[in-house]
Amino acid sequence: MNPSSSAVHVAEQGPGNSRPIRVLVADDHPIVRDGLRRLLALEDDIDVVGEAGDGEATIALIDQLDPDIVLLDLRMPGLDGLSVLQKLQRLNKTTRIIVLTASDDKNEFVQAMKLGCAGIVLKQTASELIVKSIRKVHAGEIWLDSHTTAAVMRQFAAPPEPAAAGGARSRDRSPLSQREREIVALVAQGYKNKEMAEKMFISEQTVKNHLHNIFDKLGVSDRLELALYAIHKGLHLEEQG
């Protein structure tokens, strides 16, 4: 690859006892990269270690720098963001990817999640939420706002396959109570805690208590994992009382 054909920038690692979150910014628009670099430079715990202007440069810098987080644009020349995610699946990297996009194509979001991205942030998002998403994803969480979560979950929720004889009994092994199954179904449909409380005629704190118990029982760590579990088990299709 000719280095002059794409934007590549590598920053020096600054001193300090506690290591900052090392971020690579991958976007083909210089003004976007510059804006993100300036935004993140204001944060003591975040260090932009590199920038890339196309997919090939992104892969090369991930391999070279081992960043903690990549802010990845989906629409880039050469390799697009989804192709970058595909290639990264074959590399043994701990780097986590946040898709940063102006697109509202929910199918692209679903593909990105299936290819292992850990967050989706829209470019029109408030700057403080971009910073928050980096910290959350670095801490091991999935980052989707409630609107995107609901849209992604609906796309994931394909019609169930016809059950074979006796196949319907597979869900009977769920460790969840009927009330907990109702909560899970509502999470998969994109309901927030307050909305669930109103729908089920219980307090918001009771909803939180149920969610805590459900997370413990199923060994999931966040609402996205819980929604994916629900869809896998078909709980999102259950009728609500």
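The values are calculated or read from the model by the stated rules, or taken from the named source; none is laboratory data. Remember, predicted model here, so these are calculated numbers, not experimental data. Neighbour counts run over all protein chains shown; Cβ positions are idealised from the backbone, glycine included. Remember, those area values only see protein heavy atoms, side chains included, never the ligands or the DNA or RNA. Shrake-Rupley method; radii C 1.70, N 1.55, O 1.52, S 1.80 Å.
Just checking, does the range 94-113 include any residue being touching a residue at least 12 places away in the same chain (Cβ under 8 Å), outside any loop (DSSP other than H, G, I, E, B) and out of contact with any helix residue (DSSP H, G or I) (no Cβ under 9 Å at 6 or more places or on another chain)? Checked the range 94-113: no residue is touching a residue at least 12 places away in the same chain (Cβ under 8 Å), outside any loop (DSSP other than H, G, I, E, B) and out of contact with any helix residue (DSSP H, G or I) (no Cβ under 9 Å at 6 or more places or on another chain).
Do we have Ser133 as open to solvent by less than 60 Å² (accessible area, probe 1.4 Å) and either basic (Lys, Arg) or not in a helix (DSSP H, G or I) (or both) here?
Values: open to solvent by less than 60 Å² (accessible area, probe 1.4 Å): yes; either basic (Lys, Arg) or not in a helix (DSSP H, G or I) (or both): no.
So Ser133 fails the test.
When the range 63-90 is examined, which residues are found to be open to solvent by less than 70 Å² (accessible area, probe 1.4 Å), in contact with a strand residue (DSSP E or B) (Cβ under 8 Å, 6 or more places away or on another chain) and assigned to a loop (DSSP other than H, G, I, E, B)? Residues satisfying the conditions are Pro67, Asp68, Asp73, Leu74, Met76. Determine whether the range 120-138 contains at least one residue that is in contact with a helix residue (DSSP H, G or I) (Cβ under 6 Å, 6 or more places away or on another chain) and under 26 Å from Gln64 (Cβ atoms). Yes; the residues of the range 120-138 include at least one that is in contact with a helix residue (DSSP H, G or I) (Cβ under 6 Å, 6 or more places away or on another chain) and under 26 Å from Gln64 (Cβ atoms).
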